[in-house]
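Following: one structure in structure tokens, then a few remarks.
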Amino acid sequence: MLKAFDFVIFGGAGDLALRKLIPGLYRAYCNDELPEGTRIFGTCRRQEAVAEYQDKVRAAAEQHLRKGEFVAETWDRFAKMIHPLFLDISSRDEHWDKMAEILKSGNDNRVFYLSTPPSVFGVCCKHISESDLISPTTRVVVEKPLGYDAASADAINTEIGEYFDEKSIYRIDHYLGKEAVQNLLTLRFANGIFEHLWDAKTIDHVQISLCETVGLEGRASFYDDAGAMRDMVQNHLLQLLCLVAMESPNKLTADSIRSEKIKVLESLRALQGDAVKWHTVRGQYAAGEMDGKAVPGYLDELGKDSNTETFVAIRAHIDNWRWSKVPFYLRTGKRLKERFAEIVIQYKDVSHEVYPESAGGVTPNRLVIRLQPEESIQMVLMSKNLEKHETELTPVVLNLNLAEKYKHFVSDAYKRLMLDAAAGDPSLFIHRAEVDAAWGWVDPIIEAWQRPENKPMAYPAGSWGPEASEELLSGDGRSWFNMD
Ligand code: BG6
């Protein structure tokens, strides 16, 4: 049973806190998942922000919760749990003492959520430690991106590690909190059919697409430093790849799952030098049209010149017996035609075609795990078209729409992960070795992208990315599965 906890959000008035964290905690409250006595603290750098805090979080919740979720009376009761604190993270002054006094009189079960730039992670942990706020039931949650490359990630991890031991450090990747992502493990390891049909003998290739329609969303300076590779591939995409490709853990414990994921990351075939040009595509959106409206290009939105990519497609290989010669096509991008996130497992063709050509041919089976916009699992199978007298084959879809099956369930990745951190369950958080291994694969690609021939290719906003992304697959006799 989850014990009452104190949840401190550093960067309490920031975008993430307002858009995701506090609304997520509100959902937990509505669902009776916040034990009596739980307190939420949001730190603010400006004194005025403290006075405005309650209004601000309320307005943001009204805006970001789904229709019907925000109920004024419920919010008013929930809001009593929220306490703004005036605090400058980097100066260990009397405000830290005050916070320490408040926390020491509260719950020993304590979570510090660092919703701040990674540059202040170290100093924040130092001040938490100097304020004597670390006990065996204290955890620190750190947001991605963790670093800029392997060396900076290592430096950040070492800094945090001076004050918190590895088992108390919760590196968050909100994709792991998505129900459909967790369901992937259930699908793989609780269904005999998939356990037996999950390797190079049966699978032709895998596609993982995280396509977005949004652009910079007011995060220009962060995004331009990061780009799609650091923002989405190093973490979300590689984590999904791990869950698709990993071996069965011997137990469902954090250690077992993480050690299987690390093996996958370590088996990724390195891409460096010339290989990068052949196996990756970088793009940057130019002006285009979306939903009938003109949309500016990345450089116009940014207001300066830049070589940062907003789109990445990669052909990856995992060098182990299970995935030998099975390509994993990864793709992510902003300002694409549709928003959707999906994993497609494309099975091999039948070994012997018994049907005549006139039957229309056999489309290979496909398992589609959709994470967004709706959570569903689809299996594309061949069937006889019953409306025709002559034998005609047609692909049909078995569709398990989880949103329809669980109508009252509101899936919220951040809520799930915050409650796991409060309960001390690190299974869905990332181990330091995973971060290192992911950067180890990503760094040489980014390095090769610095060559002039690897400049990002322009693609119109509202398209599916640069032509070269289609060619990456068509050259292999394959094509991307899109929403339309
Ligand atoms: C974040 C990235 O981690 O994930 C954003 O920083 C991106 O750039 C977001 O938009 C996508 O998350 P989701 O859950 O909306 O797919």
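Here region 157-206 and region 32-88 have alpha carbon centers that stand 31 Å from each other.
Multiplying the residue separation of GLU166 and ASP93 by 0.36 nm and removing their Cα-Cα distance gives an extension gain of 23.5 nm.
Where in region 220-320 are there trypsin sites (Lys or Arg not before Pro) that are in a DSSP coil and have at most 16 other Cβ atoms within 10 angstrom of their Cβ? Write out the running numbers ahead of the final one.
On the way: sites: ARG230, LYS251, ARG258, LYS261, LYS263, ARG269, LYS277, ARG282, LYS293, LYS304, ARG315; in loops: LYS251, ARG269, LYS304.
Those that pass, being in a loop and sparsely packed, are LYS251, ARG269, LYS304.
Within the same chain, aspartates and glutamates fewer than 8 places from LYS407 are excluded, and of the rest, those with a Cα less than 15 Å from its Cα are GLU69, GLU179, GLU374, GLU375.
Give the residue list of trypsin sites (Lys or Arg not before Pro) in region 344-439 that are DSSP loop and have at most 10 other beta-carbon atoms within 10 angstrom.
Working: sites: LYS348, ARG366, ARG370, LYS384, LYS388, LYS405, LYS407, LYS415, ARG416, ARG432; in loops: LYS348, LYS388, LYS407.
Filter output for region 344-439: LYS407.
Here the simple spin-label model places points 7 Å from the Cα toward Cβ, and for ASN401 and ALA155 these points are separated by 5.0 nm.
Axis angle, to the nearest 10 degrees, between helix 432-448 and the longest C-alpha principal axis of the chain: 60 degrees. The chymotrypsin sites (Phe, Trp or Tyr not before Pro) of region 261-365 meeting both criteria, a DSSP state outside H, G, I, E and B (loop) and at most 15 other C-beta atoms within 10 angstrom of the site's C-beta, are TRP321.
In this label model, HIS352 and ARG219 are separated by 5.4 nm, measuring between points 7 Å along each Cα→Cβ vector. Only Cα sites of the chain enter the Debye sum here, all with the same form factor; the resulting log10 I(q)/I(0) across q = 0.06, 0.09 1/Å is -0.30, -0.67, listed in q order.
Mind jotting down a quarter of the surface of the convex hull over the alpha carbons of region 335-430, in square nanometres, one decimal?
Values: hull surface 42.1 nm².
If I average the Cα hull's projected area over directions, I get 10.5 nm².
Taking only protein heavy atoms into account and a 1.4 Å probe, give the accessible area per residue of the chain in Å². On a per-residue basis, 45 Å².
Using a simple charge model, +1 on the beta-carbon of Lys and Arg, -1 on the beta-carbon of Asp and Glu, nothing else, what dipole does region 389-447 show about its Cα centre, in debye to the nearest 20?
Details: 5 positive and 10 negative charges, 87 e Å.
Charge dipole of region 389-447: 420 debye, to the nearest 20.
Given the pairs LYS167/LYS251; LYS167/LYS415; LYS178/LYS337; LYS80/LYS144; LYS80/LYS104, which are separated by over 27 angstrom at their Cα positions? Distance filter (> 27 Å) returns LYS80/LYS144.
Spin-label model, PHE409/VAL123: points 7 Å from Cα along the beta carbon direction are separated by 4.3 nm. On the chain, 51 percent of the accessible area sits on carbon and sulfur atoms, based on a 1.4 Å probe.
The values are calculated or read from the model by the stated rules, or taken from the named source; none is laboratory data. As the structure is a computational prediction, the values presented were derived from the model and not from experiment. Every residue, glycine as well, gets a Cβ built from its backbone with ideal geometry; the counts of neighbours run over all protein chains shown. Heavy atoms of the whole protein, side chains included, go into the accessibility calculation; ligands, DNA and RNA do not. Shrake-Rupley method; radii C 1.70, N 1.55, O 1.52, S 1.80 Å.
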